[in-house]
Structures are given as C-alpha cells and as structure tokens.
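Could you have a look at this structure, given as structure tokens, before my questions?
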Amino acid sequence: MPSVPSKTLETFPNPQQERDYTIRMRIPEFTCLCPKTGQPDFAELRLEYVPDQLCIELKALKNYIWSYRNDGAFHEAVTNRILSDLVVTIAPRFMRLTAEFNVRGGIFTTVIAEHRAVGWEPPTPVQLP
C-alpha cells in the first residue's frame, strides 16, 4: 500500500536505554502553507535527540511531516508544534528541532526549538589529546 500523510507518530523501544547517544535526522523536503498567502513554504528540518525509553519510527515520521503539506502555519508555530508532538510521543532525554525555511520576501528564517528532560544533563565530551 502506498504511504499517506498522517498525524500519527509511531515508536519502538530504545535498544540501548542505558546509554546516552544522539540520533540525527535531516528532513530536506518539509512543506507547509503560508497562513497569510496560502503559498507553499519550504524548509529543511534537522532533528537531533537523545532517546530515553522510545525512538521515533522513520516511516511514521515521514508521513507525519508530510501531513503538514496543506496546513497553514507560521514558521515559529509549526516548528514548536512538531517538537511538542515528538516530545509527547517519546519523552526523550533531549531533543532539538532546527527548521531552516527557504527565502520568502528576501528573508531566510531559521527556528530552533529545544526540549530537555528534567534532571537530564548531557555527558561531558571526551577531550582527546
């Protein structure tokens, strides 16, 4: 069956729950509609997260992102909504969503939204000589 847009996010158990590690995803084909003009807005999304108990299933994420194609939304609102939906779904230790929107009226917009679980601190990076 072909894929269809969906606001449903699916998960799977984190296979390494005892370890902090980062998952990075690049989503270069995000589109939504300008709520003022109805014209399409294009963006590249970059998602980074440190999972806790759950991870996001990629096909469901693709269909979720696709579901915004016909939604009118300001850049700031859609970025924060996506982050909130992902945080509610998987409760990560840390998550950052960066949305780099293409030029509109001579202005590029980048929106960065973050979530950090209460009490979680990133591990100290290893400094090699």
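The values are calculated or read from the model by the stated rules, or taken from the named source; none is laboratory data. The structure displayed is predicted, hence computed values, not measured ones. Don't worry about glycine lacking a Cβ; one is built from the backbone with ideal geometry, like all the others, and counts go over all protein chains shown. We work out accessible area using only protein heavy atoms, side chains counted, and drop any ligands, DNA or RNA first. Shrake-Rupley method; radii C 1.70, N 1.55, O 1.52, S 1.80 Å.
Determine which member of the set 87, 50 is among the hydrophobic types (A, V, I, L, M, F, W, C), open to solvent by less than 40 Å² (accessible area, probe 1.4 Å) and in contact with a Lys or Arg (Cβ under 8 Å, 6 or more places away or on another chain).
Values: 87 fails: in contact with a Lys or Arg (Cβ under 8 Å, 6 or more places away or on another chain).
Exactly one of 87, 50 is among the hydrophobic types (A, V, I, L, M, F, W, C), open to solvent by less than 40 Å² (accessible area, probe 1.4 Å) and in contact with a Lys or Arg (Cβ under 8 Å, 6 or more places away or on another chain), namely 50.
Let me ask something else. Please go through region 16-38 and give me each residue that is in contact (Cβ under 8 Å) with a residue 12 or more places away in the chain, open to solvent by 70 Å² or more (accessible area, probe 1.4 Å) and not in a strand (DSSP E or B), ordered by number.
Answer for region 16-38, where residues must be in contact (Cβ under 8 Å) with a residue 12 or more places away in the chain, open to solvent by 70 Å² or more (accessible area, probe 1.4 Å) and not in a strand (DSSP E or B): just 22.
Follow-up question, since we're still on this one. Residue 114: in a helix (DSSP H, G or I), of a type in the set (D, E, K, R) and free of Cβ contacts under 8 Å to residues at least 60 places away in the same chain, yes or no? First the steps, then the outcome.
Details: in a helix (DSSP H, G or I): no; of a type in the set (D, E, K, R): yes; free of Cβ contacts under 8 Å to residues at least 60 places away in the same chain: yes.
For residue 114, the condition - in a helix (DSSP H, G or I), of a type in the set (D, E, K, R) and free of Cβ contacts under 8 Å to residues at least 60 places away in the same chain - is not met.
Ok, one more. Please go through (1) farther than 24 Å from residue 13 by Cα; (2) open to solvent by 20 Å² or more (accessible area, probe 1.4 Å) for residue 41 and return the number of the only condition it doesn't satisfy.
So residue 41 meets the others, but not (2).
Check region 66-79 and report whether any residue there is closer than 30 Å to residue 119 by Cα, in contact with a Cys (Cβ under 8 Å, 6 or more places away or on another chain) and without any contact (Cβ under 8 Å) to a residue 60 or more places away in the chain. Steps first, please.
Of the residues in region 66-79, the ones closer than 30 Å to residue 119 by Cα are 75-79.
Those left that are additionally in contact with a Cys (Cβ under 8 Å, 6 or more places away or on another chain): 78.
Within this subset, residues satisfying the condition of being without any contact (Cβ under 8 Å) to a residue 60 or more places away in the chain are 78.
Scanning region 66-79, I find at least one residue that is closer than 30 Å to residue 119 by Cα, in contact with a Cys (Cβ under 8 Å, 6 or more places away or on another chain) and without any contact (Cβ under 8 Å) to a residue 60 or more places away in the chain, so the answer is yes.
Which of the residues spanning region 101-121 are closer than 26 Å to residue 54 by Cα and either open to solvent by 70 Å² or more (accessible area, probe 1.4 Å) or hydroxyl-bearing (Ser, Thr, Tyr) (or both)? Even if it seems obvious, please write down each step before you answer.
Of the residues in region 101-121, the ones closer than 26 Å to residue 54 by Cα are 111-121.
Answer for region 101-121, where residues must be closer than 26 Å to residue 54 by Cα and either open to solvent by 70 Å² or more (accessible area, probe 1.4 Å) or hydroxyl-bearing (Ser, Thr, Tyr) (or both): 112, 114, 116, 118, 119, 121.
So which residues in region 1-14 are in contact (Cβ under 8 Å) with a residue 40 or more places away in the chain and either in a loop (DSSP other than H, G, I, E, B) or among the polar types (S, T, N, Q) (or both), if there are any at all?
First, the residues of region 1-14 that are in contact (Cβ under 8 Å) with a residue 40 or more places away in the chain: 3-14.
If the condition is that a residue be in contact (Cβ under 8 Å) with a residue 40 or more places away in the chain and either in a loop (DSSP other than H, G, I, E, B) or among the polar types (S, T, N, Q) (or both), then 3, 4, 5, 6, 7, 8, 9, 10, 11, 14 are the ones that fit.
Would you mind stating whether residue 82 is in a helix (DSSP H, G or I) and among the aliphatic types (A, V, I, L, M)? Spell out the reasoning first.
Numbers: in a helix (DSSP H, G or I): yes; among the aliphatic types (A, V, I, L, M): yes.
In short, yes.
Just need a number here: residues in region 1-23 that are modelled with pLDDT of 95 or more and of a type in the set (A, V, I, L, M).
Of the residues in that region, 2 qualify.
Is it true that some residue in region 102-110 is part of a loop (DSSP other than H, G, I, E, B) and either aliphatic (A, V, I, L, M) or farther than 25 Å from residue 124 by Cβ (or both)?
Checking region 102-110: at least one residue is part of a loop (DSSP other than H, G, I, E, B) and either aliphatic (A, V, I, L, M) or farther than 25 Å from residue 124 by Cβ (or both).
Just name the residue that is farthest from residue 7 (Cα to Cα) out of those in region 90-100 that are open to solvent by 30 Å² or more (accessible area, probe 1.4 Å) and outside any loop (DSSP other than H, G, I, E, B).
100
Any residue in region 60-67 that is part of a helix (DSSP H, G or I), out of contact with any Asp or Glu (no Cβ under 7 Å at 6 or more places or on another chain) and among the basic types (Lys, Arg)?
Step one: of region 60-67, the residues part of a helix (DSSP H, G or I) are 60-66.
Adding the requirement that they be out of contact with any Asp or Glu (no Cβ under 7 Å at 6 or more places or on another chain) leaves 61-66.
If we keep only those that are among the basic types (Lys, Arg) too, we end up with 62.
Checked region 60-67: at least one residue is part of a helix (DSSP H, G or I), out of contact with any Asp or Glu (no Cβ under 7 Å at 6 or more places or on another chain) and among the basic types (Lys, Arg).
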